[in-house]
1. Ranked by Cβ crowding within 10 angstrom, fewest neighbours first, how are 108, 130, 159 ordered?
2. How far apart, in nanometres, would the label points at residue 146 and residue 125 be if each is projected 7 angstrom from Cα along the Cα-to-Cβ direction?
3. Kindly write out, for the range 18-32 in residue order, the coupling ³J(HN,Hα) from the Karplus curve 6.51 cos²θ - 1.76 cosθ + 1.60 (θ = phi - 60°), rounded to whole Hz, with x marking Gly and Pro.
4. List the equivalent ellipsoid semi-axes of the range 259-348 in whole Å, largest first, each obtained as the square root of 5λ for an eigenvalue λ of the Cα gyration tensor.
5. Would you order 28, 85 from fewest to most other beta-carbon atoms within 10 Å of each residue's own beta-carbon?
6. In the range 1-156, what is the volume of the convex hull around the alpha carbon atoms, normalised per residue and reported in Å³?
7. Using a 10 Å cut-off around each Cβ, can you sort 210, 33 from fewest to most neighbouring Cβ atoms?
8. With the dipole of the chain worked out from charges on the C-beta (+1 for Lys and Arg, -1 for Asp and Glu) around the Cα centre, which of 276, 196, 66 lies farthest toward the positive end?
Amino acid sequence: MKTIETLLRDNIKKLVPYSSARDEFKGEGKVFLDANENSFGDPFIDSNTSYNRYPDPHQKKLKTKIAAIKNINTQNIFLGNGSDEAIDILFRAFCNPAIDNVIIVPPTYGMYEVSANINDVAIKKVLLNTEFQLDVPAILSSIDDRTKLIFLCSPNNPTGNSLNRKDIEQILNAFSGIVVLDEAYIDFSFQKSFSQDLFAYPNLVVLQTLSKAYGLAALRVGMAFASRDIINVFNKIKPPYNINAASQQIALDALNETELNKKRVMEIISQRNFLVAEVKRLAFVKKVFNSDANFILLRVDDANELYKYLSQNFIVVRNRSSVVLCVGCLRITVGTPEENILLINTLAKYKK
Ligand SMILES: *Cc1c(COP(=O)(O)O)cnc(C)c1O
């Protein structure tokens, strides 16, 4: 393991971060004339909420809530405008364009590759094996001294399976750069999150999100959990007000709905099991992959044709058949019970 300082790009090491008005004044104020806000208020005169002031750049209330739910210290939490912001910041912090490289393990989430391309960072691809598990020896042997990040996703998108914990640990122990473990779907899984292992692995960044299990995709709130050294880097680079006030407030309210949130996740898991059992009975379904996520991946006789048939019936799924190792595969998100029954009934009528 190299220190975070030695992994950082030089420009980031030297960076003097933006200091916001809210950062510079720490005491108790009554009249705020320091940030060029509109002191008259927002246009929603009768509303209880007001949006004329800049939001808390450190998202203290929301982080305190997340810290309690996830059993993580607030100082080990970064909140981003979606996980995508955290991914982009990792590239900008650690990867010198046209010099450094990262490892990704397809088939996986497309954003790692896009973000690498945007930042002009080379990508080494080490395919998952046919069980959709990590090829650890191949990953380790493709590391060179310019490899800064390794992206792993568990449960993986689009395959749905969890990666073997021992394999992830092996990479964490062997790699001297940063391992990014994307746990966007962890709430639908019975696997243990790595978020409780930050002390053991100072080079680990765990990504989670409010977009899936918490039903808040539109708010754009992603989370990164990591050592304080890495979180400090995120905070240095992020735009000062990266989570807007409405998102902070609504996310806080939503996270207070503890029972409803738990119940929903359990319902999604039980609907996933229902879908798996139902699609397995269809003759044109060749394989249904095990899923620890809120979607299933299935291999069918003619994925393009089935995709077209479903869209003609106004059911939109994701055609993954052009993705490596996913030939002939569709990815289907778990819907409500009514939506799932409609899907199954529509599939049952296919080619009949
Ligand atoms: C959906 C998803 C995310 C979530 O991204 P947000 O920007 O937080 O909405 C992250 N990683 C993976 C693998 C996903 O599928």
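1. Working: 108 24, 130 7, 159 29.
The fewest-first ordering by Cβ neighbours comes to 130, 108, 159.
2. Taking the simple label geometry, residue 146 and residue 125 are separated by 2.0 nm.
3. 4, 10, 7, 4, 5, 6, 7, 9, 9, x, 9, x, 10, 10, 9
4. Numbers: eigenvalues 97, 42, 28 Å².
The three semi-axes for the range 259-348 are 22, 14, 12 Å.
5. Numbers: 28 5, 85 23.
The fewest-first ordering by Cβ neighbours comes to 28, 85.
6. Spelled out: Cα convex hull of the range 1-156, divided by residues, is 197 Å³.
7. Working: 210 24, 33 9.
Fewest-to-most Cβ neighbours within 10 Å comes out as 33, 210.
8. 276
Readers should treat all values here as calculations from the given coordinates under stated rules, not as data from a laboratory. This is a predicted model, so every value here is computed, not measured. In this analysis, Cβ positions are derived from the backbone assuming ideal geometry, glycine residues included, and neighbour counts consider all displayed protein chains.
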